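Right, one structure below, let's go through it.
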Amino acid sequence: MATDTQWPLWEVFLQPPKGEAHEHAGSVHATSAEHALQNARDVYARRGEAVNIWVVPSSAITASTPDDMGPFFDPGNDKPYRHPQFYKVPRGVRGV
Amino acid sequence: MFSQPGPDKSVGAAAAEDSAAEPPERVAEFEARIARGESIEPKDWMPQRYRRQLIRMMSQHAHSEVVGMLPEGNWITRAPSLRRKMSLLAKVQDEAGHGLYIYCGTETLGVDRHELIQQLLDGVAKYSSIFNYPTLSWADIGCIGWFVDGAAIVNQTMLAHASYGPYARAMVRICKEENFHKRQGYEIMTVLAAGTPEQRVMAQEAVNRWWWPSLMMFGPHDAESSNSDELMRWGIKRKSNDELRQRFVNQTVAQAKAIGLTLPDPDLEYDEATENWKFGAIDWDEFWRVVKGDGPCNRERLAARRAAHADGAWVRDAATAYAARQSAAAPMLEAHGD
């Protein structure tokens, strides 16, 4: 028997049938992109969960780091004026 | 299916060295996050022991899904009708999928699936003891769906709220699929229980065989469960073994009554005060015997897994060779993902 090596890891994203965005479902091991798509279909879409699948080599994903979470997201955390609730509307006015 | 609660030397031995080097303020911050109900994600800081406990529990859970295919696979070729055969095939395929979801979740903790599977094949890793019991008749397939998957749903519904994000998300996916497993099992039992006298006997005998091992699936009593406190403190488990077992008993009693089957426990009695069904003593000697390797099918299950892995080697080799040839023949295409 040949030595078992582990195939590369791919992240799987499924698009649900009703037009939502692709969402991360999990990962598969596969030798190629095509192989990864087939494995992803068999593992994550046995019940019509998807109309489209993306597979991405896990090593190709760059993610923000949890340790920098505070400073990294800070610019968006202190701007309440970006939310509609920040603004006052006279009583009784509708549809604003 | 789920992990086998039981002793695990690799976790205990490393405990002291784990906690020694960890900054107390990080541990406190981590525990505060758990207390706030935040989800812990793969790259977040976590105590070594949290990581180790999760790897142990999740890999045992994944192994249980994979080994769980064996007792049911035993009846695929002998299913009594095409309808039953299609359902059973789909169910067994689901179990393979469940194993893969959880292996994938476990890999986010920094271990390779390859390594985990090797531990299973080497007989070092544990899996749920329920799968070390044989499936002697077709009614056993019904009982597995009804009891074993029913017990698994009780446990996994809780685990869908586990503090570790990838584990919880895998459980959500699995829970959606388990309901089909339980219902197909209960339907098998319903039909047999309403069938010929021979079929009724077969159904009752299966219930008699599977009831107690199914109760053991929830693990030792809370007082004797070495891992429980820590798993609950860290939000990996949200309910204790005994609470989950009681919930399973409460829901199953009425289901058995509805189809005229008897749960093999003379002490089963409804307690008005607690609204629980009280049940008799579990044979823990049997439980530990099976956990420690001396169940009816422990050796057979491992031998079957090893044979399946060895028999599949040529497929893995062929896929690797094909991929290598494709990328050598058309490096540009490969680079563009075609």
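The values are calculated or read from the model by the stated rules, or taken from the named source; none is laboratory data. Quantities reported herein were computed from a predicted structural model and do not represent experimental measurements. For neighbour counting, all protein chains shown are included, and Cβ atoms are generated from backbone atoms with ideal geometry for every residue, glycine included.
Points worth noting:
- Residue within segment B:1-16 that is modelled with pLDDT under 95 and either more than 24 Å from B:Q119 (Cβ to Cβ) or of a type in the set (K, R) (or both) present: yes
Yes/no per residue for (1) in a helix (DSSP H, G or I); (2) buried (at least 21 other Cβ atoms within 10 Å of the Cβ); (3) among the charged types (D, E, K, R):
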position: B:E205; (1), (2), (3): yes, no, yes
position: B:K237; (1), (2), (3): no, yes, yes
position: B:D242; (1), (2), (3): yes, no, yes
position: B:Q246; (1), (2), (3): yes, no, no
position: B:T262; (1), (2), (3): no, no, no
position: B:P266; (1), (2), (3): no, no, no
position: B:G280; (1), (2), (3): no, no, no
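- Among the residues examined, A:R91 does not qualify as over 14 Å from the mean Cα position of the chain (by Cα), surrounded by 10 or more Cβ atoms within 10 Å (Cβ to Cβ) and more than 9 Å from every other protein chain (Cβ to nearest Cβ).
- In segment A:46-76, the qualifying residues are those that are closer than 17 Å to B:R173 by Cα, facing chain B (nearest Cβ under 10 Å) and not acidic (D, E), and the one that is surrounded by the most Cβ atoms within 10 Å (Cβ to Cβ) is A:R46.
- When each of B:R51, B:R83 is tested for being closer than 26 Å to B:M217 by Cα and surrounded by fewer than 18 Cβ atoms within 10 Å (Cβ to Cβ), the lone residue that passes is B:R51.
- Here is the figure for segment A:9-44: residues that are surrounded by fewer than 17 Cβ atoms within 10 Å (Cβ to Cβ) and in a loop (DSSP other than H, G, I, E, B) total 7.
- When B:A307, B:A324, B:A303, B:A256 are checked against the criterion of being assigned to a helix (DSSP H, G or I), at pLDDT 95 or above and within 14 Å of chain A (Cβ to nearest Cβ), a single residue qualifies: B:A307.
- Any hit, segment A:7-25, residues being within 14 Å of chain B (Cβ to nearest Cβ), in contact with a Ser or Thr (Cβ under 6 Å, 6 or more places away or on another chain) and modelled with pLDDT under 95: yes
- Note on segment B:45-72: residues that are among the β-branched types (V, I, T) and farther than 24 Å from B:S87 by Cβ total 1.
- Unmet criterion (only one of (1) closer than 18 Å to B:N179 by Cβ; (2) surrounded by 22 or more Cβ atoms within 10 Å (Cβ to Cβ); (3) polar (S, T, N, Q)) for B:T106: (1)
- Looking across segment B:109-136, the residues that are surrounded by fewer than 19 Cβ atoms within 10 Å (Cβ to Cβ) and over 25 Å from B:P42 (Cα atoms) come down to B:L121, B:D122, B:G123, B:V124, B:P134, B:L136.
- Neighbours by Cβ (under 6 Å, 6+ apart or cross-chain): first from segment B:94-106, facing chain A (nearest Cβ under 8 Å) and assigned to a helix (DSSP H, G or I); second of a type in the set (A, V, I, L, M) and surrounded by fewer than 23 Cβ atoms within 10 Å (Cβ to Cβ): B:G97/A:V43; B:L100/A:V43
- Residue identified as under 27 Å from B:E107 (Cβ atoms) and either without any contact (Cβ under 8 Å) to a residue 12 or more places away in the chain or hydroxyl-bearing (S, T, Y) (or both) among A:R47, A:R82, A:R94: A:R47
- Residue count, segment B:294-326 (criterion: under 20 Å from the mean Cα position of the chain (by Cα) and either more than 19 Å from B:L116 (Cα to Cα) or of a type in the set (K, R) (or both)): 9
- Conditions (1) buried (at least 18 other Cβ atoms within 10 Å of the Cβ); (2) touching a Phe, Trp or Tyr at 6+ places or on another chain (Cβ under 8 Å); (3) free of Cβ contacts under 8 Å to residues at least 40 places away in the same chain; (4) hydrophobic (A, V, I, L, M, F, W, C): number failed by B:W45: (1)
Conditions (1) within 14 Å of chain A (Cβ to nearest Cβ); (2) part of a helix (DSSP H, G or I); (3) buried (at least 18 other Cβ atoms within 10 Å of the Cβ), marked per residue:
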position	(1), (2), (3)
B:F147	no, yes, yes
B:N155	no, yes, yes
B:P166	yes, yes, yes
B:R169	yes, yes, yes
B:T190	no, yes, yes
B:V201	no, yes, no
B:P220	no, no, yes
B:A223	no, yes, no
B:L231	no, yes, yes
